[in-house]
Amino acid sequence: MHPDPHVLVLVAHPDLGRSRVNAALADAVRGLRHVTVHDLYGSYPDHRVDVPRERALLHAHRTVVLQFPFYWYSTPPLLKQWLDQVMPYGPALTGKTLRLAVSTGSAAHTYTPEGRTGYTMAELLRPLEATARLTGMDLAEPLLVHGARDLTDEELKRTAERYQELLCAAGAVQRTS
């Protein structure tokens, strides 16, 4: 952990080593000063979350980013478990920021009332919005990466740069290079 952490990026991909998009996003922000990148599946392959450790990380950061691939209109199982076990009720997180960085396999037009899902991403991500509200956190603009399987290298590079910009805007975060 950095000496003065501001942003905690919780990467929740069941196989980050085989993920092109989530691995690239994590790599892009790993080099930012005051950012802690925490791979949940790498840390807890047995799904036994160290709740006191995770709560300490949560409380030590001003912004928490949930980075994950969208699984059947939800988070991957370990991230859901983390939310259930780690996120405290009450005012402990009031004033902190929650941001989502979500990748989908389908194109953006899929996530419209007219699209295949029949719902917008804002509607599908509503449970996480409710989580932010319940815990007193402010929900920041999400980074949505649609069509992850079809992104060109250039599109992925631009997306990773956008992710860096969003985290830099989260406050006092600087590039180390």
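Results, tabulated for the structure shown:
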| read-out | value |
| --- | --- |
| Percent of beta bridges antiparallel (DSSP, the stretch 62-177, rounded to nearest 5) | 10 |
| Table column - 3J(HN,Hα) (Hz), the stretch 45-57, Karplus curve with 6.51, -1.76, 1.60, x for Gly and Pro | x, 8, 6, 9, 6, 7, 4, x, 4, 5, 5, 5, 4 |
| Relative contact order for the chain, counting Cα pairs under 8 Å that sit 6 or more residues apart, in percent | 28 |
| If the convex hull is drawn through the Cα atoms of the stretch 14-63, its volume per residue in Å³ | 79 |
| Where labels lie 7 Å past Cα in the beta-carbon direction, separation of residue 60 and residue 149 in nm | 3.8 |
| Note, ³J(HN,Hα) from phi for the stretch 12-25, Karplus 6.51, -1.76, 1.60, rounded to Hz, x at Gly and Pro | 10, 10, x, 9, 4, x, 9, 8, 6, 6, 5, 5, 5, 5 |
| Sparsely packed GluC sites (Glu not before Pro) within the stretch 105-177, loop by DSSP, other Cβ within 10 Å at most 13 | 114 |
| Gain on full stretching of the segment that runs from residue 119 to residue 84 - 0.36 nm per residue minus C-alpha separation | 10.1 nm |
| For the stretch 1-129, the fraction of alpha-carbon pairs in successive 5 Å shells from zero, as % | 2, 10, 20, 22, 21, 14, 7, 4, 1, 0 |
| Whole-Hz couplings from phi, Karplus 6.51/-1.76/1.60, listed for the stretch 139-150; x for Gly and Pro | 8, 8, 4, x, 9, 10, 10, 8, x, 3, 5, 10 |
| Cut-off under 5 Å, modelled amide H: who pairs with residue 103 long-range | 68, 70, 145 |
| Two-site label geometry, residue 107 and residue 53: point separation in nm, points 7 Å out along Cα→Cβ | 4.3 |
| Net lengthening on full extension, residue 134/residue 71 (0.36 nm per residue, minus Cα-Cα) | 20.4 nm |
| Cα-based Rg and Dmax for the stretch 103-177, where Dmax is the largest Cα-Cα distance (Å) | 14.9, 44 |
| Amide hydrogen neighbours beyond the local backbone of residue 98, cut-off 5 Å, H modeled | 64, 138, 139, 140 |
| Proximal charge balance of residue 94 [Cβ under 14 Å; K/R count +1, D/E count -1] | +2 |
| Rel. contact order, % - alpha carbon contacts under 8 angstrom, at least six apart, the stretch 29-105 | 37 |
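None of the figures in this text is laboratory data; all of them are computed from the coordinates on show. The shown structure was predicted, so the numbers you read here are calculated from the model rather than taken from an experiment. Ideal geometry is used to build each Cβ from the backbone, glycine not excepted, and the neighbour counts take in all protein chains shown.
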